[in-house]
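Handing you a structure now.
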Amino acid sequence: MPTTPAAPSETGPEPLDPVELSVRQPAAAELARSAAHAAGELLAPPTPVRLGDVVPAPELVAPDPAADFLLTEDAVIRVDADPAARDVAEQLAELLRPATGYPLPVTDSATRADGPLVLTLSGAAAPADAAGPAGDDVADGAGAESLGDEGYRLEVTHAEVRITAGTPAGLFHGVQTLRQLLPAAVESAAPVAERWVVPGGAIVDRPRFAYRGAMLDVARHFFGVDDVLRVIDHLARYKLNHLHLHLTDDQGWRIAVDSWPRLTEVGGTTEVGDGPGGWYTKDDYRRIVRYAARRHVTVVPEIDLPGHTNAALVAYPELAPGKIPPPPYTGTEVGFSYVDPADERTYAFVAEVLGEVAALTPGPWLHLGGDEAFKVPADTYRGFIERAQELVAATGKTVVGWHQLAPAGHADGRVLQWWGTNGDDPETADAVRRGARLILSPANHAYVDMKYTAETPIGHDWAGLIDVRRAYDWDPGTHLTGVPAEAVLGVEAPLWTETVTTLAEVEFMLFPRLPAVAELGWSPRSTHDWAAFRDRLAGHGPRWTAAGIAFHPAPEIPWPATPAHRIPTQRSRDDATHTS
Ligand code: TNX
């Protein structure tokens, strides 16, 4: 895994037109500033972490400043014998070992009183006697109720840190919280001399929405497996549990399909700007899925149909209307291509592709796309979608699609991903009345391919400029007129990559907006408070710096400026190695 951001680079494979060039030039400067932060110029906060300094904000926090815990070299991680729980404990050890330099053995010994880091599965409910130092607030709150599929309880005393959950996923989220409660230097890839203090008290926490995701468009520009794994790490930090991969579009087809091999052999070799493109073999894709699963992240594959299919039509002109082979497309227009809805071969193609993708997919969802098929008449479009929905059902998966699917008939469990900019959308509200649930990705809040400000060197602005506050200031529960909160499955932050070409640029667009969307998906509305969020988020800058994440140092966030000490970064450590 990379620990430093890729050098900010101009991808722009020639030829770039003059307009693109003028947009791209400042990218280097802006990204270099961001890289300078990553190089150690952003400094650690002078104050110790407080129990409430967690993003996304936990449901209940009960600090006990008299009960801080100090992690020492002889610490042992004790976990239940359950293999999935044990794997979470191993991941905790993997997180803590590099910076602490401590051995941190993991044991599932039930008889010995090893610790002091304890991970335990307790059935769905938190134990009634576990209020501990937290007092009545926590005991009377969610702690006495079910922690659900993903909730956890974290208790910190002088003697131990204990994470309790009903599921391994809950333990995993608890581990992410613990990670944020340690000093920022815990993100360092090399040992740091630090007092590894965890603030005392208790947290009881569980998500507001079941679906919390981000989308990476690997079709407009291709991103290799290692880049995707690093994005999965970023999701996991912020308790996001779905990675939606936009695998196909006009500019490239990125997933191998054995029954239609030219999709990648031909359709995988292009991308925006005439770079080399690329695709995932099935083994590559399985690696992504496995890596995500270990982090309790479900991969949602998208095969965009019937539009956004130029790369497929280049590979197989028999799928094109009129059977006319189109030229490869490496521009950034949308809405011109579609598979021929009048030809039965198209449905064989859809069935075989979806079947192979479903077979690679342990998760329940298959995303059909469905957006911007501007050239397909409404009735034809509806008929195509209804057949495609049936083909998804035949694979045993549940359909997800962009909200353009709304007018089509309901299919069991179907989920629409809403990307509008005006919450008054009767067509989508009607689909909800007919049984659809929604993932909310309002383009003017959650589209992390939008520029932060007019000066942002990459990104779009068709849905407006999205600074951190705008990414944060909306409520998924009430955003759409006539849609009750219960119909909302969750939220997702899509990253389209027409202008995004490197991992450093991906991180620059995700941070700090991804944590804002993550908080909307996880935290109870009662915690929603811009000023408090801004302050909590500020403390994450030094963490990203230590982790080598090339983030946008948004001016509206009070990043810590008066450091107590510098956090060594990968780059400064490399320098040290070179001079020693
Ligand atoms: C709209 S959002 C699209 C994408 C573009 C994006 C750019 C959606 C379902 N379709 O094809 O990449 O805008 O922001």
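The values are calculated or read from the model by the stated rules, or taken from the named source; none is laboratory data. Treat the numbers as computed from the prediction; the structure is a model and nothing was measured. With ideal geometry, Cβ positions are generated from the backbone for all residues, glycine too; neighbour counts draw on all protein chains shown. With ligands, DNA and RNA removed, areas are computed over all heavy atoms of the protein, side chains included. Shrake-Rupley method; radii C 1.70, N 1.55, O 1.52, S 1.80 Å.
Please go through the range 134-174 and give me each residue that is part of a helix (DSSP H, G or I) and either in contact with a strand residue (DSSP E or B) (Cβ under 7 Å, 6 or more places away or on another chain) or modelled with pLDDT of 95 or more (or both), ordered by number.
Once the filter is applied, which keeps residues that are part of a helix (DSSP H, G or I) and either in contact with a strand residue (DSSP E or B) (Cβ under 7 Å, 6 or more places away or on another chain) or modelled with pLDDT of 95 or more (or both), the range 134-174 yields 134, 137, 138, 142, 143, 168, 169, 170, 171, 172, 173, 174.
Any residue at all in the range 380-388 that is in contact with a helix residue (DSSP H, G or I) (Cβ under 9 Å, 6 or more places away or on another chain), more than 16 Å from the ligand (Cβ to nearest atom), open to solvent by 30 Å² or more (accessible area, probe 1.4 Å) and under 24 Å from residue 490 (Cβ atoms)?
Within the range 380-388 (the criterion being in contact with a helix residue (DSSP H, G or I) (Cβ under 9 Å, 6 or more places away or on another chain), more than 16 Å from the ligand (Cβ to nearest atom), open to solvent by 30 Å² or more (accessible area, probe 1.4 Å) and under 24 Å from residue 490 (Cβ atoms)), the answer is no, since none of the residues qualifies.
If you go through the range 291-346 one residue at a time, how many are out of contact with any strand residue (DSSP E or B) (no Cβ under 7 Å at 6 or more places or on another chain) and within 13 Å of the ligand (Cβ to nearest atom)?
7
Can you tell me how many residues in the range 269-308 are at positive phi, over 17 Å from the mean Cα position of the chain (by Cα) and not in a helix (DSSP H, G or I)? Before the answer, list the steps.
Initially, the range 269-308 is screened for residues at positive phi, giving 273-274, 277-278, 296, 308.
Okay, now just the ones that are also over 17 Å from the mean Cα position of the chain (by Cα), so 273-274, 277-278, 308.
Now narrow it down to the ones that are not in a helix (DSSP H, G or I): 277-278, 308.
The number of residues fulfilling the criteria is 3.
Is it the case that some residue within the range 116-127 is of a type outside the set (Val, Ile, Thr), at pLDDT below 95 and part of a helix (DSSP H, G or I)?
Checked against the condition, which is being of a type outside the set (Val, Ile, Thr), at pLDDT below 95 and part of a helix (DSSP H, G or I), the range 116-127 yields no hits at all.
Related question: Of these, 314, 272, 300, 266, which one is under 28 Å from residue 241 (Cα atoms), aliphatic (A, V, I, L, M) and assigned by TED's automatic domain parsing to the domain that holds residue 346?
From the options 314, 272, 300, 266, the qualifying one is 300.
Filter the range 447-503 down to the residues that are under 24 Å from residue 525 (Cα atoms), open to solvent by less than 40 Å² (accessible area, probe 1.4 Å) and assigned to a loop (DSSP other than H, G, I, E, B) and list them by number.
Selection gives 447, 448, 466, 474, 475, 476, 477, 480, 483.
A further question on this structure: So which of 348, 429, 406 ends up being open to solvent by 30 Å² or more (accessible area, probe 1.4 Å) and not basic (Lys, Arg)?
Only one candidate qualifies: 348.
Identify, by number, the condition in (1) surrounded by fewer than 22 Cβ atoms within 10 Å (Cβ to Cβ); (2) touching a helix residue (DSSP H, G or I) at 6+ places or on another chain (Cβ under 6 Å); (3) more than 22 Å from residue 388 (Cβ to Cβ) that residue 290 doesn't meet.
The one condition residue 290 does not meet is (2).
Right, something else. Which residues, counting only those in the range 424-435, are part of a loop (DSSP other than H, G, I, E, B) and more than 16 Å from the ligand (Cβ to nearest atom)? Show your work before the answer.
Residues of the range 424-435 that are part of a loop (DSSP other than H, G, I, E, B), as a first pass: 424-425, 434-435.
Scanning the range 424-435 gives 424, 434, 435.
Per-residue answers, yes or no, for (1) polar (S, T, N, Q); (2) touching a residue at least 40 places away in the same chain (Cβ under 8 Å):
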residue: 325; (1), (2): no, no
residue: 329; (1), (2): no, yes
residue: 353; (1), (2): no, yes
residue: 375; (1), (2): no, yes
residue: 388; (1), (2): no, yes
residue: 404; (1), (2): yes, no
residue: 410; (1), (2): no, no
residue: 419; (1), (2): no, yes
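Look at residue 298 and say whether it is free of Cβ contacts under 8 Å to residues at least 40 places away in the same chain, under 22 Å from residue 438 (Cβ atoms) and in contact with a Gly (Cβ under 7 Å, 6 or more places away or on another chain). Let's see the steps before the verdict.
Values: free of Cβ contacts under 8 Å to residues at least 40 places away in the same chain: no; under 22 Å from residue 438 (Cβ atoms): yes; in contact with a Gly (Cβ under 7 Å, 6 or more places away or on another chain): yes.
In short, no.
Could you grab the pairs with beta carbons closer than 8 Å, sequence gap of 6+ or different chains, first residue in the range 235-262 and under 30 Å from residue 205 (Cβ atoms), second one part of a loop (DSSP other than H, G, I, E, B) and within 14 Å of the ligand (Cβ to nearest atom)?
245/218
Counting just the residues of the range 199-215 that are surrounded by 24 or more Cβ atoms within 10 Å (Cβ to Cβ) and aliphatic (A, V, I, L, M), which one comes out farthest from the chain's Cα centre (by Cα)?
202
Hey, does the range 204-220 have a residue that's in the same structural domain as residue 307 (by TED's automatic domain parsing), out of contact with any helix residue (DSSP H, G or I) (no Cβ under 8 Å at 6 or more places or on another chain) and within 16 Å of the ligand (Cβ to nearest atom)?
Yes, the range 204-220 has at least one match.
While we're looking at this one, here's another question. Answer with yes or no whether residue 360 is buried (at least 19 other Cβ atoms within 10 Å of the Cβ), away from the ligand (no atom under 16 Å from the Cβ) and assigned by TED's automatic domain parsing to the domain that holds residue 298.
Considered against the rule, which asks whether it is buried (at least 19 other Cβ atoms within 10 Å of the Cβ), away from the ligand (no atom under 16 Å from the Cβ) and assigned by TED's automatic domain parsing to the domain that holds residue 298, residue 360 comes out as no.
Let me ask another. Among the numbered criteria (1) buried (at least 24 other Cβ atoms within 10 Å of the Cβ); (2) more than 16 Å from the ligand (Cβ to nearest atom), which single criterion is violated by residue 506?
Just one mismatch for residue 506, condition (2).
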